[in-house]
Amino acid sequence: MKEREINTVIKGIAAAPGIVIAKAYIYAKEKEEVSNEAITDIDEALNNLEVALEQSKKELKKIFSLAVDKLGEKRAAIFEAQMMILDDPILVSTLKKRIQNEMKMPEFVVDSEISKYTHLMSLADEAYMKERSHDIEDIKHRIIRNLKKKKWRSRIANDVIVVTTNLSPSDTVLFSRVNVKGYVTDFGGLTSHAAILARSLNIPAVVGLHNAMSKIHEDDELIIDGYKGVVVINPDEKHLKEYLKKIDKLHNYDEELNKLKDLPAETRDGRIIQLEANLDLTEELEYLVHNCAQGIGLVRTEQLFQQSEAFPDEEEQFLAYKEIADKVYPNYVTIRTFDIGGDKVLPVDLKEPNPFLGWRGIRLLLDSTDLFKTQIRAILRASSHKNVRLMIPMVTSLEEVRETHKLIDECKKELHKEGKQFDKHMQVGLMIEIPSAAAMAKEFAEESDFLSIGTNDLIQYTLAVDRGNEIVSKLYQEFHPAIVRFIHHVITEGKKVGKRVSLCGEMGADPFAVPLLVGLGLESLSASASILPHIKKVIRSISYDETKELGEKCLKLKTEKEINAEMHAFYNRKMQDQIKNLY
Ligand code: PEP
Ligand code: MG
C-alpha cells in the first residue's frame, strides 16, 4: 500500500482556472476484463451486440442532451460524433462478420476491432489525434460495459475533486452533474476536449501531472490551483491558510471584475483601450463573446483546422470564418492566413535544418498560390457583412505584401465574376513579428490597413532565442530594451501614417506589461479571452499620463533587469489592494 503524502506539491498543466480545496475521489476506470472464449450461439452473440450498441446510444443521447443544456449545441457536438461512430455501418458490419467468422465473444471482437483505431491514432504526432483516440477508447469501454450489462459508476459524493488517469468528455459532463469541484489528471493537454469542457463548465482543472494517480489516495485533502497548474496533497496549516486567503481574494476579485463587464477598458484619465480576444479553437467562441472581448484580434486559422487531415476546401473554410464573423458582428474579426511551418505542421513531410528560419507563414503561402487563394477567397466571402479583416503572418519584405495584394485583387475579380458577395474594401494588415518589419514599420504601415505586433515571434527573432526551448528560456525577455524600443517604434510609425496598431502576442496577456504598452501608445490589444477581465481591471486602475512617463523612462533604460523591476514596482503600487500574486 502506498504511503500517504503529506504537504506534497506536484505540478502539471493549468487547464482551467480557479482554486479549490476538497477531498479526492479516485476515479480508477475499471479495466473491463475481456474474455476471448469461443461462443456456440452466434445469433445470441449478435443479438447481445445489437442490444449493447442500442444501450450505448441511449446513454450517449442522455449525455448529449445534458451537454446541450450545460454547454450549448456547439460543444455538445462531441457526443453527437460519438453517437455517429456507433451508427457507422462499416464498423458495425465488421464487428458482426468477425463474430460470425471467428466465433469469439462480442466483447473480445469490440475490444480488438476498436483498439486498432485507437492504437493508430495514439501513434499520431498531432496532439489532436492523440486526444481523439481517448474519445474512441471511451466508446469502446461503454460498449463492453454494456455487453457485460454493468452500470456507469456515477454515484459519487458531492463536492469532490476527481482524480484520474484521463478524463473523457462524457466523464467531464456527467461528473459536473454531481457538483464536482475540480479535475486532476495524469494525462491530457490544454487542447483536450475535457480541458476545454472544464473551462466552459468553470471547473478548475490541472492535467498532465503523470504522478497524480500514484501519489493521491481516496479522501486525501487536495488544493488545486488551476492558474498555476499546482496540486497540493494533504496540505499543512500554512498552505491551507495561504490558499484560503487566495480563494477569498479571488471571490471578491471576481465580483469586482463582474461589475466591470459593461464598462470600457478606460484609463483613469479617459484613454480607451480596445480589448479583443485571440481565438485558437472554435469551442472558445461563446466564452470569448461573453468575456469582454470587443472583437477578435487574431484567429489562428492553422489551429482551427488542425484536426482536418487535408487542407480544408474553400467551402469548409468559408463556413468556419462566416460562423465566427456572424457571432462577433458588429465587432470585427481579424483572420490570419495560415501560419504553417516553424513549430507548426507543414503540409509535406519536409525536414528543415532551421524550421523557424525556413519555409513558414507568408513564404509558404506565396509558394503555394492555390492554397493561398483558396483561403483568401474563403475569407473574402466571409467578409460580406464588412466586419472581417485579413492579416498576413511572418512578413519580412514589402515584396511579400505587394504579391499578397495582387493575389487578393485576383480573388476579388474572380468572386465578382462569379457573382459572390464580399467586402470590396476588406482591410488587409500585417503581423509585425520579424525585426526587418519592425525596423521598416513606416513603409509597411503605408502599404497596409493596420499592423499587429506579434511579440511571441518578435522576441524570438530579435533576441535569437527559440521561443520553445527551455534551456534558453531565461533569455526570452519581453522587457529587453530592444523589444520595448521596437514596440514603441512600430506604434509611433504606424500612427504617423494614420494606421491602427494592435498587439496580439502573449505580452498583451501579461498584467505587468500592460501599463508599459499603454504608456508606449498602444490603443488596442488582443489576448486570450480568460485574461481580458483582469487586463481591463489593470487599465482602469492606471492613468495614461503616468504610464507615458513610465514608458519614457523605460525607453532610456539599458537592461532588462531595470525595466522588469520598474514594471513590477509600478504594478504593485497601482494594484496594491488587488490580486497581485494570483497570476
Ligand atoms: C506572435 O508571434 O506573437 C503571434 C501572435 O503569433 P503566433 O504565436 O501564432 O506565432
Ligand atoms: Mg507569430
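The values are calculated or read from the model by the stated rules, or taken from the named source; none is laboratory data. These numbers were taken from a predicted model, which means no experiment stands behind them. Virtual Cβ from ideal backbone geometry, glycine too; neighbours counted across all protein chains shown. Accessible surface areas use protein heavy atoms only, side chains included; no ligands, DNA or RNA. Shrake-Rupley method; radii C 1.70, N 1.55, O 1.52, S 1.80 Å.
For Glu309, the requirement of being more than 16 Å from ligand 2 (Cβ to nearest atom), at pLDDT below 75 and open to solvent by 80 Å² or more (accessible area, probe 1.4 Å) is met.
Filtered by the rule that a residue be open to solvent by 40 Å² or more (accessible area, probe 1.4 Å) and not in a helix (DSSP H, G or I), segment 94-126 gives Met103, Lys104, Met105, Leu123, Asp125, Glu126.
Conditions tested, residue by residue: (1) outside the structural domain of Tyr332 (by TED's automatic domain parsing); (2) touching a residue at least 12 places away in the same chain (Cβ under 8 Å); (3) touching a helix residue (DSSP H, G or I) at 6+ places or on another chain (Cβ under 9 Å).
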{"residue": "Phe356", "(1), (2), (3)": "no, yes, yes"}
{"residue": "Trp359", "(1), (2), (3)": "no, yes, yes"}
{"residue": "Thr369", "(1), (2), (3)": "no, yes, yes"}
{"residue": "Ile392", "(1), (2), (3)": "no, yes, yes"}
{"residue": "Val395", "(1), (2), (3)": "no, yes, yes"}
{"residue": "His405", "(1), (2), (3)": "no, yes, no"}
{"residue": "Glu414", "(1), (2), (3)": "no, yes, yes"}
{"residue": "Glu418", "(1), (2), (3)": "no, no, no"}
{"residue": "Lys424", "(1), (2), (3)": "no, yes, yes"}
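Taking segment 39-87 only, how many residues are in a helix (DSSP H, G or I), at pLDDT 80 or above and of a type in the set (A, V, I, L, M)? Result for segment 39-87: 12. Any residue in segment 287-303 that is part of a loop (DSSP other than H, G, I, E, B) and acidic (Asp, Glu)? Looking through segment 287-303, none of the residues is part of a loop (DSSP other than H, G, I, E, B) and acidic (Asp, Glu).
Filtering segment 556-575 to residues that are open to solvent by 70 Å² or more (accessible area, probe 1.4 Å) and farther than 17 Å from Pro481 by Cβ leaves only Arg573.
Kindly provide the set of residues from segment 223-239 that are within 29 Å of Asp510 (Cβ to Cβ) and over 26 Å from the mean Cα position of the chain (by Cα), ordered by number. Correct list: Pro235, Lys238, His239. Only one of the numbered conditions (1) within 16 Å of ligand 2 (Cβ to nearest atom); (2) in contact with a Leu (Cβ under 7 Å, 6 or more places away or on another chain); (3) touching a residue at least 40 places away in the same chain (Cβ under 8 Å); (4) not small (Gly, Ala, Ser) is not met by Val465, and that is (3). For Glu478, the conditions (1) under 26 Å from the mean Cα position of the chain (by Cα); (2) open to solvent by 60 Å² or more (accessible area, probe 1.4 Å) all hold with the exception of (2).
Taking segment 483-521, which residues are open to solvent by less than 20 Å² (accessible area, probe 1.4 Å), more than 14 Å from ligand 1 (Cβ to nearest atom) and in a loop (DSSP other than H, G, I, E, B)? Listed by number, the residues that qualify are Pro511, Leu520, Gly521.
With respect to the stated conditions, Glu446 is at pLDDT 95 or above, open to solvent by 20 Å² or more (accessible area, probe 1.4 Å) and either within 28 Å of the chain's Cα centre (by Cα) or not basic (Lys, Arg) (or both).
Test Lys406 against the stated conditions and say whether it is in a helix (DSSP H, G or I), farther than 23 Å from Leu304 by Cα and at pLDDT 95 or above. For Lys406, the condition - in a helix (DSSP H, G or I), farther than 23 Å from Leu304 by Cα and at pLDDT 95 or above - is met.
If you go through segment 519-547 and pick out every residue that is aliphatic (A, V, I, L, M), touching a residue at least 40 places away in the same chain (Cβ under 8 Å) and closer than 23 Å to Glu446 by Cα, you end up with 2.
For Leu357, indicate whether it is away from ligand 2 (no atom under 16 Å from the Cβ) and not basic (Lys, Arg).
no
Would segment 451-462 turn up any residue that is more than 16 Å from ligand 1 (Cβ to nearest atom), more than 20 Å from Leu555 (Cα to Cα) and part of a helix (DSSP H, G or I)? No, every residue in segment 451-462 fails to be more than 16 Å from ligand 1 (Cβ to nearest atom), more than 20 Å from Leu555 (Cα to Cα) and part of a helix (DSSP H, G or I).
Going by the structure shown, is Glu50 open to solvent by 40 Å² or more (accessible area, probe 1.4 Å) and under 29 Å from the mean Cα position of the chain (by Cα)?
no
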